[in-house]
Amino acid sequence: MLVNNTQYEIKERSATDVTVQVTVDAETVKNAIDTVYRRYSKEVEIPGFRKGRVPRAYLDSRFGVELFTEEAQKDLTEEHLSKALADLDLRPVTTPEVENVSSDADGPFVFTASFSVLPEIELPEYRGIELKVKPLEDVTEEEMNGTLEEIRRRFATLAPKESDTIEDGDILHVKEGEKEWDMRVDSENKVTGKMIGHKKGEAVDLEIERDDADPLHATLEVMEISNVVLPEIDDDLAKDAGFDSLEEMKADIREKIALAKSERRVERIKGDLLDHIVSQLDLPLPEKMVEEMAAEDLERFKENLEHPEAPMTFDEYLKEREKSEDELLSEFREDVTQRLRRELVMAKLIEAEGI
């Protein structure tokens, strides 16, 4: 495609990879180089010359001719790569890798850009697909009781503990220097679990291990120890939660659990439908994109486990599941692949149905 004496063309293309070549004509290159010289002449402070009046020959001797050619080519690359992508209707999903083919200051400037794209999809016949679907499950008493317990915890109160010894589940008011805060003791937590067995008034020295850094040290003074007091499940609790009676609250809980189950069932059916369509397609994905997304997911997972309140470290997680980091990365890669294929099919379905 020729645009104002600048040519954009696709040199190579596969299902997921494209190489574009851009040829910028000599006159446009000359104008771009002149623009860089003018910019330097205006911005550079050189004794004996007014801004904007620095001779070109002096700039060449001071900075070298190559600098101005390279900056002009950089400007041209940024400008014309975006134009080429728009004119050729290409949407990269990875950062384009640019390579100069011809960079003579007196002639055309030619460069290539290689990147990945999402594959084109041609949907198979999807209307009338039959799937085996599990019936909607009833709300169980266990689910009801679990939600009621959550409401009890939401309206729980604290009462001073008779014993001065810290146990699992206690609420502590602690102090470190000028800072004070409350914390819940959890025997499975790598930080708060270390408080168990200590007493009120004690200064507890903690060493918090971190995967990729030196341990953190803190000294916490235990100011108060409290018990969590859960309210009874009765009309008073229901009124605190905004209902007229316990029966009304239970009916609302049952309705919301049933709705959530129904919505999850719809999502499962949708996922099964997408997987069924995906299984009928040869749907390659850009390898670099999959690798980058899997690496990002793994890094986020690591960061979550590096939080002081995390139940275990990343190394402990790998040890418990008897996996290596590479094996975990492979699992993330599979998840990314499934997710991307589902998203591509869903986007095509939305387009086909005009939603």
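Does E248 count as assigned to a loop (DSSP other than H, G, I, E, B) and at pLDDT 95 or above?
No; evaluated as a whole, the condition is false for this residue.
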- Are any of the residues in the range 290-305 of a type outside the set (D, E, K, R), over 20 Å from the mean Cα position of the chain (by Cα) and surrounded by 13 or more Cβ atoms within 10 Å (Cβ to Cβ)? no
- Write out, first by first residue and then by second, each pair whose Cβ atoms fall under 9 Å of each other, whose residues are 6+ apart or on separate chains, and whose first residue, in the range 291-314, is free of Cβ contacts under 8 Å to residues at least 12 places away in the same chain while the second is buried (at least 16 other Cβ atoms within 10 Å of the Cβ) and not in a helix (DSSP H, G or I). N304/A310
- Task: Just give me the residues in the range 137-152 being surrounded by 12 or more Cβ atoms within 10 Å (Cβ to Cβ) and either modelled with pLDDT under 95 or assigned to a loop (DSSP other than H, G, I, E, B) (or both), in sequence order.
- Result: E137, V139
- Message: Suppose the filter is among the hydroxyl-bearing types (S, T, Y), free of Cβ contacts under 8 Å to residues at least 12 places away in the same chain and surrounded by fewer than 16 Cβ atoms within 10 Å (Cβ to Cβ); does T165 pass it?
- Response: no
- Task: Give the range 97-121 a look and list any residue that's under 29 Å from L344 (Cβ atoms) and in contact (Cβ under 8 Å) with a residue 60 or more places away in the chain, or say none.
- Result: T112, A113, S114, F115, S116, V117, L118, P119, E120, I121
- Single condition I46 does not satisfy, out of (1) part of a strand (DSSP E or B); (2) β-branched (V, I, T); (3) modelled with pLDDT under 85: (1)
- Does L328 satisfy the criteria of being buried (at least 16 other Cβ atoms within 10 Å of the Cβ) and touching a residue at least 40 places away in the same chain (Cβ under 8 Å)? no
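The values are calculated or read from the model by the stated rules, or taken from the named source; none is laboratory data. Because the structure is predicted, anything quoted here is derived from the model rather than measured. When we count neighbours, we look across all protein chains shown, and the Cβ atoms used for this are built from the backbone with ideal geometry, even at glycine.
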